[in-house]
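Written below as structure tokens is the structure these notes are about.
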Amino acid sequence: GPSSGIDYRAELNDEQFAAVTSPPGAALVIAGAGSGKTRTLTYRVAYLLDHDVEARNILLLTFTNKAAREMTERVRHLVPHDVSALWSGTFHSIGNRILRRHAEVLGFTKSFSILDRDDQKSLLTGVIASLEIDTKIRRFPKPDVLATMFSLVENTGESLESIIRHRYPYFEEWQSEIHRAQAGYAKRKKDTNSMDFDDLLVLTLRLFQQDEELLGLYRKRFRHILVDEYQDTNAVQSELIDLLAGGGASVMAVGDDAQSIYSWRGADMGNILSFPERHAGCHVHKIETNYRSVPEILDLSNAAIRANRARFDKDLRSAREQLGVKPALVPLEDPATQASFVAQRMLELRDEGIPLEEMAVLYRAHFQSLEIQMELTTRGIPFAITSGLRFFEQAHIKDVAAFLRFVTNRRDETSFKRIALLMPGIGAAGADKLWRDWVKSGWAEKDEVPAWSEVLSGMKPPKKAAKHWEQFGYILDELTPNGEFARPPDMIFSVLEGMYDDHLRASYDNYENRRSDIEQLMTYGANFEDVLDFLSQLSLLSAADGEPTGDRAEKDDEKVTLSSIHQAKGLEWKVVFVIWLADGQFPNGRILEADDPDQLEEERRLFYVAITRAKDELYLTYPLINPKSYTGDIIQRPSRFLDDFPRQLVEEWRITPEWGNPDDPF
Ligand code: ATP
Ligand code: MG
């Protein structure tokens, strides 16, 4: 028998079992929410290990860092094998890992910096300035817009020309300038030894396309490629998988077309639909049992998604018993009342014995969580938030990281300037000049580590900044003792004590909080020996669309979760609240205006993803009035998604003013 001792027959249903034990070759599992697709992948990994496949021959791709971690943990739990050589992560993190080894092939060095949105914007600002466009006649797209355009090109495989024509017709007159900006941006990235997030995918693909020998090595290594949430892959991702698998590896993809929610970012549902055609001999498995939700919730989900025309028919049967409680439909007066209802109900449920970490509030857009955040804070209900500005994106965290980034990548203009701008008397022009001085010194290109203080003292910052500049040199010396990199927490400490603490005190009224954030960062950094690993991890975490980060989310005990629906993909909770179910909020107003049936269907899939996260109890709430200070109150219509199912599937709650907290005077 298998050395793990797993009884695969007993722990899987027939369809899952067939997929888990399928012979080498391509396999696709296409099945609805909660049917055990992720479980199937996990058991597949265990099964392979049980059958003498080495961990190092397995590549496991998932959509979020959290999902990757959880799946590896599950596998570790299931089997006695050592799985440390197994590669598992998001497409971006795997791309990063590969590029860190071979960046030279593409003309970068291994210590390239990863640009986040802010870095991209500052690079693009420079590019636009260098184009010397007369924007007085007509507005030129802002850096943010350009970044999105270029990203769409990378992720959809469409030409820039077509992206502009179809999505930005307003800017068509700038065609040639935008093309020049794109070229300038690419050049700047190369010059500064930096990659943006799309590059982590695109350049990995290019690496393998250019270097057949290297491709051969990786093909030999990854004999089994497993992909979760395959319905949300874009052109680059699916091409990368196909290319890696091209040497005869077995690919197993699992997904659900009804949960495809990233087309706005270039994901293509067509990838999953055409998978069998692209992989000869592919076995297609369908699972029709849902193990997650009680029948009451499942009936509602089946009915809700039936309103979509573009989909595979696949009604799910619940494996669970009726609970006897229908999903609740709860109209509320306004957003504050909605927040107070959710918080109050959570406390009641906790009194009934449901732990807080089994509850989640899901919404379409981050800003819709504001009232809930305030209400939970007031009532002292702890929460982890998985959307919006996160720990690693905050200015002070990025400031500190800039020192580490610059010292590891001396061509990183963005980080250098970010640091220079922290010093008194230095503005954009000053930072520019210092950068040019730095480049002139020749040290940006050399291999050995400079005697920083000495080199920097040869440059001329404005008088006001002289003291800081000198300090900067000392700090850099401390970051590279004996020409080697110090450990990440020691580096952060040097930056903080050498310069940054003063800056914090002088710049922010919430100094204490920010200081403790940085101490938090030190604690986190202590997990890393290598500063490059640390910096990669920071970049990957902050780009991942709001994954829980920082202390508040690291230990998920006794906290409710607030999450955007996009980030809740693949997860489950006993109790789920879906809020702001009003037309114009969810579905989103812009999409209603566009009057595009495809976009509305994607919006409905998002609703389907939301309600299928719930195991036992589901609350659908909406505020009737949306108070707006500038236009007066707006009366809202309940979401049209609530008309998609028969009313007897839900229980309508009437919340009277007396309900809830007796001290609450509303
Ligand atoms: P989603 O589409 O939301 O990603 P999924 O298809 O990946 O869902 P899983 O998350 O793998 O579904 O499974 C949903 C729940 O059902 C999990 O709690 C899982 O442990 C449980 N489950 C799945 N299959 C079985 C089974 N055969 N026996 C018992 N429990 C199961
Ligand atoms: Mg899943």
Taking the C-alpha atoms of the range 407-504, how large are the radius of gyration and the largest Cα-Cα span, Dmax, in Å?
12.7, 34
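Compute the FRET efficiency between residue 213 and residue 186 as 1/(1 + (r/R0)^6), taking r as their Cβ-Cβ distance and R0 = 25 Å, and round to the nearest 0.05.
Values: r = 26 Å, r/R0 = 1.02.
E(calc), rounded to 0.05, equals 0.45.
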Putting +1 on Lys and Arg Cβ atoms and -1 on Asp and Glu Cβ atoms, find which of 438, 537, 507 reaches farthest to the positive end of the dipole of the chain.
438
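Most exposed first by the Cβ proxy, i.e. fewest other Cβ within 10 Å, how do 564, 415, 263 rank?
Details: 564 22, 415 26, 263 18.
Ordered by Cβ neighbours within 10 Å, fewest first: 263, 564, 415.
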What is the dipole size for the chain, taken about its Cα centre, with +1 at each Lys and Arg Cβ and -1 at each Asp and Glu Cβ, in debye to the nearest 20?
1360
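Ranking 323, 521, 356 by Cβ neighbours within 10 Å, fewest first, what do you get? Before the final figure, lay out each step's value.
Values: 323 14, 521 24, 356 21.
The fewest-first ordering by Cβ neighbours comes to 323, 356, 521.
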Beyond 28 Å (Cα-Cα) in this structure, taken from 440/467; 66/326; 66/559; 66/286; 286/615, we find 66/326
Dipole of the chain (Lys/Arg Cβ +1, Asp/Glu Cβ -1, origin at the Cα centre): which of 645, 131, 204 lies farthest to the positive side?
131
What dipole magnitude, in Debye to the nearest 20, does the range 184-283 give about its Cα centre under +1 on Lys/Arg Cβ and -1 on Asp/Glu Cβ?
440
Going by alpha carbons, how many degrees (0 to 90, nearest 10) lie between the helix axis of 335-351 and the longest principal axis of the chain?
70
Once the dipole of the range 218-261 is set up with Lys and Arg at +1 and Asp and Glu at -1 on Cβ about the Cα centre, which of 227, 259, 243 lies farthest towards its positive end?
243
Using only Cα atoms, what Kirkwood radius does the range 309-380 have, in angstroms?
15.0
Evaluate the charge dipole of the range 331-413 about its Cα centre and quote only its size in Debye, nearest 20, assuming +1 on the Cβ of each Lys and Arg and -1 on the Cβ of each Asp and Glu.
540
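Taking the mean number of other Cβ atoms within 10 Å as a proxy for protection, how do you rank 110-123, 638-651 from highest to lowest?
On the way: 110-123: 20.9, 638-651: 15.8.
Ranked by mean Cβ neighbours within 10 Å, highest first: 110-123, 638-651.
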Could you work out the Kirkwood radius for the range 255-360, taking every pair of different alpha carbons, averaging 1/r and inverting it, reported in Å?
17.5
Angle between the Cα long axis of helix 370-379 and the longest principal axis of the chain, 0 to 90 degrees, nearest 10?
80
Calculate, in nm to one decimal, what residue 460 and residue 596 gain on full extension: separation in residues at 0.36 nm each, minus their alpha carbon distance.
43.2 nm
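For the range 128-201, report the translational diffusion coefficient in µm²/s to the nearest whole number, using Stokes-Einstein at 20 °C, 1.002 mPa s, and a Kirkwood Rh over Cα pairs.
On the way: Rh = 12.9 Å.
After rounding, the answer is 166 µm²/s.
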In vacuo Debye sum over C-alpha of the chain, base-10 log of normalised intensity I(q)/I(0) at q = 0.07, 0.08 Å⁻¹, listed in q order, is -0.52, -0.68
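Please say if the range 339-451 is rounded, prolate or oblate, where rounded means a/c under 1.5 for a ≥ b ≥ c the square roots of the C-alpha gyration tensor eigenvalues, and otherwise the choice is prolate for a/b larger than b/c and oblate otherwise?
Numbers: a/c = 4.73, a/b = 3.20, b/c = 1.48.
Note, shape of the range 339-451 comes out prolate.
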Whole-angstrom gap from the range 249-263 to the range 403-419, using each part's C-alpha centre
38
For the range 81-133, what are Rg and Dmax over the alpha carbons, in angstrom?
16.5, 61
Cα centroid separation - the range 297-354 against the range 115-175, whole Å:
41
Using just the Cα positions, wrap the range 39-117 in a convex hull and report its mean projected area in square nanometres, one decimal place.
6.3
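Would you mind calculating the relative contact order of the chain from Cα pairs under 8 angstrom and at least 6 residues apart, reporting the percent as a whole number?
With pairs under 8 Å counted, the relative contact order is 18 percent.
Values in this text are rule-based calculations from the coordinates and carry no lab data. What you see is a predicted model; the values in this text were computed from it and never measured. Don't worry about glycine lacking a Cβ; one is built from the backbone with ideal geometry, like all the others, and counts go over all protein chains shown.
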